[in-house]
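Undergrad: Input: one structure, supplied below.
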Amino acid sequence: MAEKSKYDQFKGQARLPKFAVPKRYDLNLKPDLSACKFSGSVHISVDIVADTNLIVLNAADLLIHTNSVSFKDHSGSKVLQAVEVELFAEDEIAVVEFPESLSRGVGVLTMSFEGTLNDKMKGFYRSVYQHEGEKKNMAVTQFEPADARRCFPCWDEPAFKATFKITLEVPSELVALSNMPVSKERVNGHTKTVSYQESPIMSTYLVAVVVGLFDYVEDHTSDGVKVRVYCQIGKASEGRFALNVAVKTLDLYKEYFAVPYSLPKLDMIAIPDFAAGAMENYGLVTYRETALLYDEKQSAASNKQRVAIVVAHELAHQWFGNLVTMEWWTHLWLNEGFATWVAHLAAHSLFPDWNIWTQFLEESTEGLRLDGLAESHPIEVEINHACEIDEIFDAISYRKGASVIRMLQSYLGPECFQRALASYIKKHACSNAKTEDLWSVLEEESGEPVTKLMASWTKQQGYPVVSVTVKDQKLEFDQSQFLLSGAKGDGQWIVPITLSCGSYDTCKNFLLQSPHESFDLKEFLGCSISCGSSEGTGKEECSWIKLNVDQTGFYRVKYDDNLARRLGYAIEKKHLSATDRFGILDDSLALCMACQLPLSSLLTLMGAYREEDDYTVLSNLINTCHKITRIAADAAPELLHDIKQYFIDLFKYPAEKLGWDSKEGEGHLNCMLRGELLTALAQFGHDSTHNEATRRFQAILGDWNTPLLPPDLRKAAYVAIMRNVSTTNRTGLESLLRLYRETDRSQEKTRILGCLGSCSDNDVVLEVLNFLLSPEVRSQDAVFGLSVGIKGREIAWTWLKENWDHIMKTWGSGFLLTRFVSATVSPFASIEKAKEAEEFFAKRAKPSIARTLKQSIERVHINANWVQSIKNETQLSETVKGLASRKY
Ligand code: BES
Ligand code: ZN
């Protein structure tokens, strides 16, 4: 049994006690890059607001020197030495005891400490880079959500905002950056002491320090904020694109939020080892290289878009998150959902030809996908321990969060919404806010019952499926909770329903507030609908009805057969917008997975997309095809060949239209589309795509600049090459690995890693998986190689079990670990496998993967149900044969 301590009252608490409140940190850090250690000291101005002789704050993996800990009271005349500093590793807190009560008012707590520059990509860590052929360490911080405590003792919760005055002692030849501009620099032989200006008040998770060798490019905003992009020596030009996006985005947000950027400078920097995609540290935003660097010749259009979106996202946080901060992690979505949504707003303004709001549906659908699980969670989620925070940086906080914001914006109207946001920012600037604070501003501005409406979306998990039927010239609406398991949940929502009928000129909207509602068709829409043919002849006949117009609502729609048939026809006739075409396909796939729509109906509907040309819709069609081939491998292996043939036929037409070579002045979306179509054709086994891909692949082996294989085409070629690799024919694999080793661009490395698993030879798959654990793959990148296809899932699962200890050692303390679990468990489709996974992890339980594990196991059950339902479909074989043999 654990020993009892007199400080037990502070253990197992979700949050720190509030009897001492930090106001200002004067922080000194001295990293030792070669020994991978650091030492530091901190003077914290703390307001003592209750009688106490104890101070409780966060600290983890730090050595605190008890004799360095003292408290000087507000008068400055009395200094108390701490009698004891006890660290509680599990709770990540330090309890400091003084011999007598601390006097009230603002005193100064002083402590010195030491720590390790770890290689876990969190806290104060080291990242490794090459310089002039030599390996070097840089020192980097990553504090969100709760790792500032690994660098210095602090009140490491978002609501304890304070100012920071930082000083670094570093080798004089290195670049040393922090949140604020340098105020003073003193060189002393081989080291220099760099002091930074004091920051405005901010949360600990936004504090940042980077020390290493870097080049930069620089520009400034229209009101003179200096913006820099730092990257590897010699690669500064790759920062230009992100720099341009940043400068324009800062100007845009200043106008949108009606508040200027609040710091005198903004630095953005590429870090070679980085767990997340990017981190919005106030004034010093850190990025993975792939999310910041763009090379005209070596980056794909998708890389470019990623850079723009990530930059716009992190800069949105400078307002939403940094200036106004969530009060507690329960409201994390206020940060992440908003930044995700606002990033699209900025990207749309900067790059109108990207159709970014159509692409936004890929975010929504990922939100719907996760939230269709019983093991999902509400947007506002209870957090009881720091180790639970990592797991909620998920599709619920980001994607559902962004989607419900979009839903609300389209309900209230963009102008009203913007005015409310500006007043929210102004009202809570330099402070903290909760979800309700946002709703009340929106409610005030709009006069609508926003709090009540939105509570149903953020306080309860899940979302509804709205069923629409026409019966006796009545339009009937039913809502029930949609679950991918096919079960009916008992949630109820206030659903902002929109619908168009026959044309987008008629658009109706209302709030569906009850489980069932019905309208007289004629009265409601001024038209009728016959049960017969899909082409109405009568003047008043409405040819189609589409709910959730433009897919701005976060719900699914299930149409009766008659309405569904009419929509299929409207898709074929190109009467519907791309967003609506996307929505109909996506809802149908979800209903099919939940065993509420036969696979044969879904496959037939997909035929209506034969002449589809929209990037996002086609990309979603491709994803749908992959899901179907994966499930069919279990449910109907005898039909797999024909199903693939049908899919190849679907994509041949748009692929032929685009050709392999890009055309002068061709748009961004076509560049991305070409790559995706050719990759899909390669994956489904289209011979001539394979041959051409193989031919072009040869050209890149001697020349990265070959016009035959520009970056947009490489994935297709890499996949094609890997599909032909086997134990007896390893040339393709060896060539790809050679390219991997040759390039120093991380976009290229991840592109290659993402394709290595596309091989159908299991020995090779195993070799690839082992490669992921080798020192040649940075630990940030291993997860990209985990998608190994349905044939490789057994190998991957066995591999995971055998390597679990090693995987835990390397990734066990970060959120990337969840990816290992979901990637290897969720592809299965049988109850037995679900059990096996449960048993394996029963002895290896860990709170930081608990949610992911449950979700992955639920997916296995969902797959198993889906397989059963497909096996019971009597029509399927005939439908597939019919579709596959049809010539167009
Ligand atoms: N605040 C996050 C970074 C983060 C993620 C910190 C997880 C701690 C845990 C950052 O703003 C972010 O959301 N980054 C995204 C990229 C974005 C474009 C969706 C990421 O890291 O993927
Ligand atoms: Zn974010």
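The values are calculated or read from the model by the stated rules, or taken from the named source; none is laboratory data. In this text, all values refer to a predicted model and were calculated from it rather than measured experimentally. Cβ: placed from backbone, ideal geometry, glycine included. Neighbour counts: every protein chain shown. SASA here: full protein model, heavy atoms, side chains in, ligands and nucleic acids out. Shrake-Rupley method; radii C 1.70, N 1.55, O 1.52, S 1.80 Å.
Undergrad: In this structure, is ALA312 of a type outside the set (Asp, Glu), open to solvent by less than 10 Å² (accessible area, probe 1.4 Å) and in the same structural domain as SER423 (by TED's automatic domain parsing)?
TA: Numbers: of a type outside the set (Asp, Glu): yes; open to solvent by less than 10 Å² (accessible area, probe 1.4 Å): yes; in the same structural domain as SER423 (by TED's automatic domain parsing): no.
No; evaluated as a whole, the condition is false for this residue.
Undergrad: If only one of TYR230, TYR216 is surrounded by 21 or more Cβ atoms within 10 Å (Cβ to Cβ) and either in a strand (DSSP E or B) or not hydrophobic (A, V, I, L, M, F, W, C) (or both), which one is it? First the steps, then the outcome.
TA: Details: TYR216 fails: surrounded by 21 or more Cβ atoms within 10 Å (Cβ to Cβ).
Answer to the check: TYR230.
Undergrad: Please work out which residue is nearest to ligand 1 (Cβ to nearest atom), limiting yourself to the stretch 121-154 and to residues that are out of contact with any Asp or Glu (no Cβ under 9 Å at 6 or more places or on another chain) and closer than 25 Å to TRP333 by Cα.
TA: GLN142
Undergrad: Based on what the data block shows, is TYR294 more than 10 Å from ligand 1 (Cβ to nearest atom), of a type in the set (Ser, Thr, Tyr) and without any contact (Cβ under 8 Å) to a residue 60 or more places away in the chain?
TA: On the way: more than 10 Å from ligand 1 (Cβ to nearest atom): yes; of a type in the set (Ser, Thr, Tyr): yes; without any contact (Cβ under 8 Å) to a residue 60 or more places away in the chain: yes.
Yes.
Undergrad: Out of all the residues in the stretch 178-188, is one or more over 26 Å from the mean Cα position of the chain (by Cα) and in contact (Cβ under 8 Å) with a residue 60 or more places away in the chain? Steps first, please.
TA: In the first step, residues of the stretch 178-188 are kept if they are over 26 Å from the mean Cα position of the chain (by Cα); the result is 180-188.
Cutting the leftovers down to in contact (Cβ under 8 Å) with a residue 60 or more places away in the chain gives us 180-181.
Yes: the stretch 178-188 contains one or more residues that are over 26 Å from the mean Cα position of the chain (by Cα) and in contact (Cβ under 8 Å) with a residue 60 or more places away in the chain.
Every residue, every condition in (1) hydrophobic (A, V, I, L, M, F, W, C); (2) away from ligand 2 (no atom under 15 Å from the Cβ), yes or no:
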{"position": "GLU255", "(1), (2)": "no, yes"}
{"position": "TYR261", "(1), (2)": "no, yes"}
{"position": "GLU314", "(1), (2)": "no, no"}
{"position": "PHE338", "(1), (2)": "yes, no"}
{"position": "ALA347", "(1), (2)": "yes, no"}
{"position": "PRO352", "(1), (2)": "no, yes"}
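Undergrad: Now, a different point. From the residues in the stretch 669-687 that are not in a helix (DSSP H, G or I) and not aromatic (Phe, Trp, Tyr), which one is farthest from LYS627 (Cα to Cα)?
TA: Kept after step one, since they are not in a helix (DSSP H, G or I), are these residues of the stretch 669-687: 684-686.
From what is left, the residues that are not aromatic (Phe, Trp, Tyr) are 685-686.
On the way: GLY685: 16, HIS686: 18 Å.
Top of the filtered list is HIS686.
Undergrad: Next question. Would you please list the contacts, defined by Cβ atoms under 6 Å and residues six or more apart or on different chains, that run from a residue in the stretch 814-830 that is modelled with pLDDT under 95 to a residue that is within 16 Å of ligand 2 (Cβ to nearest atom)?
TA: Qualifying pairs under 6 Å: GLY814/ALA275; PHE815/ASP390.
Undergrad: Does LYS546 qualify as being touching a residue at least 24 places away in the same chain (Cβ under 8 Å), touching an Asp or Glu at 6+ places or on another chain (Cβ under 7 Å) and not in a helix (DSSP H, G or I)?
TA: Working: touching a residue at least 24 places away in the same chain (Cβ under 8 Å): yes; touching an Asp or Glu at 6+ places or on another chain (Cβ under 7 Å): yes; not in a helix (DSSP H, G or I): yes.
Yes.
Undergrad: Name the residue that is most open to solvent (accessible area, probe 1.4 Å), counting only residues in the stretch 56-73 that are over 25 Å from PRO200 (Cα atoms) and under 32 Å from the mean Cα position of the chain (by Cα). Walk me through how you get there before you give the answer.
TA: We begin by selecting, within the stretch 56-73, every residue over 25 Å from PRO200 (Cα atoms); these are 60-70.
Those left that are additionally under 32 Å from the mean Cα position of the chain (by Cα): 60-62.
On the way: ALA60: 8, ASP61: 119, LEU62: 16 Å².
Only one residue fits best here, namely ASP61.
Undergrad: Going through the stretch 472-492 one residue at a time, which ones are in contact (Cβ under 8 Å) with a residue 60 or more places away in the chain and either in contact with a Gly (Cβ under 8 Å, 6 or more places away or on another chain) or over 19 Å from LEU591 (Cα atoms) (or both)?
TA: Listed by number, the residues that qualify are LEU475, PHE482, LEU483, LEU484, GLY489.
Undergrad: Give the residue, chosen from ARG399, ARG406, ARG369, that is open to solvent by 10 Å² or more (accessible area, probe 1.4 Å), of a type in the set (Lys, Arg) and either within 12 Å of ligand 1 (Cβ to nearest atom) or touching a strand residue (DSSP E or B) at 6+ places or on another chain (Cβ under 8 Å) (or both).
TA: ARG399
Undergrad: Here's another thing I want to ask about it. Going by the structure shown, is VAL285 within 16 Å of ligand 2 (Cβ to nearest atom), out of contact with any Ser or Thr (no Cβ under 7 Å at 6 or more places or on another chain) and either in a loop (DSSP other than H, G, I, E, B) or within 19 Å of LYS400 (Cα to Cα) (or both)? Even if it seems obvious, please write down each step before you answer.
TA: Numbers: within 16 Å of ligand 2 (Cβ to nearest atom): yes; out of contact with any Ser or Thr (no Cβ under 7 Å at 6 or more places or on another chain): yes; either in a loop (DSSP other than H, G, I, E, B) or within 19 Å of LYS400 (Cα to Cα) (or both): no.
No, not satisfied.
Undergrad: Out of the stretch 1-55, which residues are among the polar types (S, T, N, Q) and farther than 22 Å from THR204 by Cβ? Steps first, answer last, please.
TA: Here is the first cut: in the stretch 1-55, the residues among the polar types (S, T, N, Q) are 5, 9, 13, 28, 34, 39, 41, 45, 52-53.
Within the stretch 1-55, SER5, GLN9, SER34, ASN53 qualify.
Undergrad: Now for a separate question. I want to confirm something. Restricting to the stretch 316-333 and keeping residues that are within 15 Å of ligand 2 (Cβ to nearest atom) and more than 18 Å from ASN281 (Cβ to Cβ), which single residue is least open to solvent (accessible area, probe 1.4 Å)? Please lay out each step first, then the result.
TA: The initial filter retains those residues of the stretch 316-333 that are within 15 Å of ligand 2 (Cβ to nearest atom), namely 316-326, 329, 331-333.
Filter once more, keeping what is more than 18 Å from ASN281 (Cβ to Cβ): 331, 333.
On the way: HIS331: 16, TRP333: 1 Å².
Checked the stretch 316-333; the qualifying residue least open to solvent (accessible area, probe 1.4 Å) is TRP333.
Undergrad: Within the stretch 553-574, is there a residue that is outside any helix (DSSP H, G or I), touching a residue at least 12 places away in the same chain (Cβ under 8 Å), surrounded by fewer than 23 Cβ atoms within 10 Å (Cβ to Cβ) and not assigned by TED's automatic domain parsing to the domain that holds VAL468?
TA: yes
Undergrad: Determine the pairs where a residue that is under 15 Å from GLN645 (Cα atoms), located within the stretch 670-682, has a partner that is among the aromatic types (Phe, Trp, Tyr) and buried (at least 22 other Cβ atoms within 10 Å of the Cβ) with Cβ atoms under 8 Å apart, the partner being 6 or more residues away or on another chain.
TA: Partner pairs satisfying both residue conditions: LEU677/PHE651; ALA680/PHE647; ALA680/PHE651; LEU681/PHE651.
Undergrad: Can you list the helices (runs of 4 or more DSSP H) found entirely within the stretch 754-811 that contain at least 1 residues being acidic (Asp, Glu) and under 26 Å from THR743 (Cβ atoms)? Break it down into steps so the answer makes sense when it comes.
TA: Working: elements: 762-772, 793-802, 804-811.
By residue number, 762-772.
Undergrad: Looking only at residues that are under 11 Å from TYR230 (Cβ atoms) and more than 9 Å from ligand 1 (Cβ to nearest atom) in the stretch 264-285, which one is farthest from the chain's Cα centre (by Cα)?
TA: Our first condition is that a residue be under 11 Å from TYR230 (Cβ atoms); within the stretch 264-285, this holds for 267-271, 284-285.
Those left that are additionally more than 9 Å from ligand 1 (Cβ to nearest atom): 267-271, 284.
Values: ASP267: 22, MET268: 19, ILE269: 19, ALA270: 18, ILE271: 18, LEU284: 20 Å.
The selected residue is ASP267.
Undergrad: Still on this structure, I have one more. So the check is Cβ under 8 Å with 6+ separation or different chains; which pairs have a first residue in the stretch 10-38 that's aromatic (Phe, Trp, Tyr) and a second one that's open to solvent by less than 70 Å² (accessible area, probe 1.4 Å) and part of a loop (DSSP other than H, G, I, E, B)?
TA: Within 8 Å, the pairs are PHE10/PRO17; PHE10/ASP91; PHE19/VAL49; PHE19/ALA50; PHE19/THR52; TYR25/PHE152; PHE38/LEU117; PHE38/CYS151.
Undergrad: Kindly indicate whether THR506 is at pLDDT 95 or above, of a type outside the set (Asp, Glu), closer than 16 Å to LEU567 by Cβ and surrounded by 14 or more Cβ atoms within 10 Å (Cβ to Cβ). Can you show your working first?
TA: Numbers: at pLDDT 95 or above: no; of a type outside the set (Asp, Glu): yes; closer than 16 Å to LEU567 by Cβ: yes; surrounded by 14 or more Cβ atoms within 10 Å (Cβ to Cβ): yes.
Against the criterion (at pLDDT 95 or above, of a type outside the set (Asp, Glu), closer than 16 Å to LEU567 by Cβ and surrounded by 14 or more Cβ atoms within 10 Å (Cβ to Cβ)), THR506 does not qualify.
Undergrad: Now for a different question. For the stretch 303-359, name all the residues that are among the polar types (S, T, N, Q), away from ligand 1 (no atom under 11 Å from the Cβ) and in a loop (DSSP other than H, G, I, E, B).
TA: Selection gives ASN355 alone.
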